[in-house]
Amino acid sequence: MGKMRTLLLTIRARLATPYVQVACLVLFLVALFQGGGLGSPMHFDDAHAIVENPAIKSLGNLPTFFVDPGAFSTTGRMYRPIVLSTLAFDHWIGGGAPWAFKLGNLLQHLTICLLLLASLPLLFARAGITGVKARFATLLAVLLFGLHPLHVETLNLVSSRSEILIALGFVIALAGWLHEGAKGRPARQVAWLCAGTAFACLSKETGIFVAPAILLLEFVLPSGGKRDPLRQLALRFVPAMAIVVGYLYLRQAAFALLTVPGHSFAVTVSDPYSGGGRSMMDQIQGMTWFLPKALELILFPWSLSVDHTVFFDRPFLSLPVLSGAAIVLLPIVLALLWYRRRPLFSFAVLAAVAFSLPWILVPLNQPLAEHRLYLPVLFLVLPIAVGLLGLLSRPSRGWQRALVALSAILLLLGGRSWSRSRLWYDRSALWQDALVSYPESFRALNGLGQALIDRGRLQESIPRFEQCVAVYPKYLPGVQNLCEARVRLLDEVDDRAFHDETVRLTEDHAEWHWKDPFVRLLAARARLGRYRLSGSREDLAAAKAWALSCLAMVPPKMLVYKTAAEVLRRSQRKADRLEAIALLDAWQDRRLPVLNVDAWVDFLDYRAGLLIESDLLRQAEAVALRMRREQPTDPRGLLRLKEIYHATGRVEQERRMETMLRMLRGQPVPTIPNR
């Protein structure tokens with residue numbers, strides 16, 4: 001009891017200090033301005049990584065995350081068990097609601113800010129900034145980092161959580177290293193460094209740079225201004241580097257995951273807009289634009305966008321490319337030359353470059369994404385905060401104006417973050433905002449078209465998709481969405497030219513991506529749509545060929561069988577209808593999995609309708625009764641039974657189905673008077 005009282009008194013005493021009180025205010029401001037998107041929905045990669053990922057829906061899968069990279073997403077394999085563990089916990093808290101995941105991102109961001117508030121005074125002390133100045137520089141650095149508008153994407157795009165967790169791992173290592181070093185406890189320093197390194201590596205591959213970053217800090221900013229002997233310093237980093245080597249070996253040997261893919265070195269015909277098809281020469285040339293743009297976004301975060309992908313067809317030795325390279329190389333060269341004169345600047349620049357190396361060297365679909373700048377912002381605000389502190393510390397009467405200007409800058413940063421967060425409530429607004437900065441952003445044009453499709457405005461979506469494909473003809477989602485929108489409109493449009501162009505587009509797309517069964521089904525649907533207008537047996541035969549070709553290519557799925565059956569049903573020939581029924585029976589005999597009960601009942605309803613059209617009413621009745629057993633609250637089973645009883649003249653059963661339908665829909669049931 002006495003120890004608890006002593007602890008409470010200690011906490012109370014510390015909370016009474018001005019620095020702690022201002023630090024609490026800083027955390028409150030960060031939470032206030034960065035929390036504007038807590039109620040926004042999921043976006044982009046959140047669909048396959050979180051919403052559709054069954055692994056994170058149970059805390060019982062926590063051990064699986066550490067042994068199965070396939071649990072990361074429904075579309076790919078990645079070994080990030082810490083990320084999955086935090087997502088599973090958020091799902092348990094909120095039942096899958098978006099706010100729980102976004103609150104998790106915000107709390108992790110605030111934790112980083114809290115650790116920085118506790119550890120940066122010790123870091124600044126190594127740079128010769130002590131006392132009140134160190135605390136003021138810390139508050140300023142945390143405000144600049146915490147309120148930075150670049151973090152809006154990181155906090156609201158839940159699938160980018162790995163960037164926050166890497167930073168958290170680094171800050172854990174940094175705080176432990178500085179605090180235990182100040183107390184002269186090297187063994188505990190090593191323990192904290194190992195803990196932070198392991199945490200960061202298990203969050204994302206970039207975590208391998210945590211230990212080298214701390215080593216860089218110890219080299220350029222040694223404690224007390226005196227470097228330890230090289231052998232002694234190296235021995236302290238051996239355990240952390242062993243964790244890095246073990247992690248890389250585990251990824252390669254146990255999970256067959258490459259840390260640095262080498263395909264870009266083998267690319268001969270480069271497609272700069274595709275990560276997998278971009279040559280290393282195009283990657284390096286592109287970085288002469290993207291890296292200066294990243295620096296601009298860090299220093300002046302106004303032209304923010306969810307898509308910065310722009311490539312310019314310029315010679316490698318042209319003036320814009322050389323100028324961009326000079327802007328990139330100048331701070332790196334200065335950091336190497338000034339590591340004695342400006343050690344904090346050197347540490348910040350070199351550490352920021354190190355953590356950016358993966359996306360600088362590895363061609364990705366989006367060469368520059370704002371969420372990848374989370375850690376570089378953390379490093380670069382350190383010398384910026386010290387520089388602003390130097391301006392405020394000058395013996396001049398203008399320091400009050402400088403303080404007012406600084407307060408205005410921080411307020412603008414917070415306001416920009418808040419207003420940017422509000423855009424994440426509407427995906428269309430995000431894409432419209434991207435087009436303001438980059439009018440030829442093919443991803444934004446495709447995103448706007450997709451948003452229009454989601455709202456049922458198919459006709460309006462087509463011009464957006466056509467613009468997208470005009471900018472980048474090989475962009476698969478854009479071409480796919482254009483074909484899908486046109487095919488879905490075939491039943492509403494009677495223009496023969498529109499039908500012919502749709503068939504041409506979809507069949508060209510299917511020929512180009514002939515291995516994709518769903519593209520082949522799209523071609524089948526296009527032919528089937530034109531058959532409604534043309535009545536040509538050629539269209540029907542082509543639709544049947546496209547649909548049935550899928551059955552020999554891939555493990556059959558319900559959609560393949562259902563589309564092929566629909567083609568045969570449209571022919572109005574009994575033999576084709578019987579063949580369609582045989583296809584559905586073949587799928588049912590395979591006992592292939594379906595997504596859910598609703599999808600299964602959809603299949604049964606379609607099969608019952610096909611049997612009724614073929615006058616196979618006894619079989620249709622069996623299917624309808626099965627629908628009733630599988631989903632008693634679904635009225636489609638009753639409707640099919642009512643239709644069957646009407647066709648067979650069973651009046652009493654038909655009346656009973658009508659009564660049950662009224663009861664299911666909550667409608668009053670008419671009473672029949674006694675005779």
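The values are calculated or read from the model by the stated rules, or taken from the named source; none is laboratory data. This one's a predicted model, so the numbers in the text were calculated from it and none came from an experiment. In this analysis, Cβ positions are derived from the backbone assuming ideal geometry, glycine residues included, and neighbour counts consider all displayed protein chains. Keep in mind that these areas ignore ligands, DNA and RNA; they rest on the heavy atoms of the full protein, side chains included. Shrake-Rupley method; radii C 1.70, N 1.55, O 1.52, S 1.80 Å.
A few remarks follow.
- Estimated 222 nm signal from helices in the chain, with DSSP H stretches of n ≥ 4 weighted -39500 (n - 2.57), rounded to 500: -22500 deg cm²/dmol
- Shape category assigned to segment 41-96 from the gyration tensor of Cα positions, a/c cut at 1.5: oblate
- Cross-link partners of K183 among lysines, defined as those whose alpha carbon lies under 25 angstrom from its own and excluding same-chain residues fewer than eight positions apart: K3, K133, K226.
- Protection-proxy order for peptides 477-489, 192-204, each taking the mean of Cβ atoms within 10 Å per residue, highest first: 192-204, 477-489
- When you restrict to C-alpha pairs under 8 Å that are six or more residues apart and normalise by the size of segment 183-247, the relative contact order lands at 43 percent.
- Gap separating the Cα centres of segment 419-485 and segment 147-194, nearest whole Å: 37 Å
- Residues of the chain: accessible area per residue with a 1.4 Å probe, Å²: 49 Å²
- Relative contact order for the chain, counting Cα pairs under 8 Å that sit 6 or more residues apart, in percent: 10 percent
- Listed peptides 467-475, 370-378 by packing density, highest first (mean Cβ within 10 Å): 370-378, 467-475
- Direction-averaged projected area, Cα convex hull, segment 85-222: 8.7 nm², rounded to one decimal.
- Sequence-distant lysines (8 or more away, or on other chains) whose Cα lies within less than 29 Å of K57: K102, K204, K557
- With all protein chains modelled, accessible area of R464 [1.4 Å, Å²]: 70 Å²
- Mean Kyte hydropathy of 1.0 or more with a Cα span along the axis of at least 15 Å, helices from DSSP in the chain: 18-34, 81-94, 98-126, 131-146, 161-182, 210-220, 230-249, 319-337, 343-361, 374-393
- Per atom type, the chain shows carbon and sulfur on 63% of its accessible surface, probed at 1.4 Å.
- With DNA, RNA and ligands ignored, accessible area of K183 (1.4 Å probe; Å², nearest 10): 130 Å²
- In nm, spacing of pseudo-spin labels at I93 and A545 (7 Å Cα→C-beta vector): 5.7 nm
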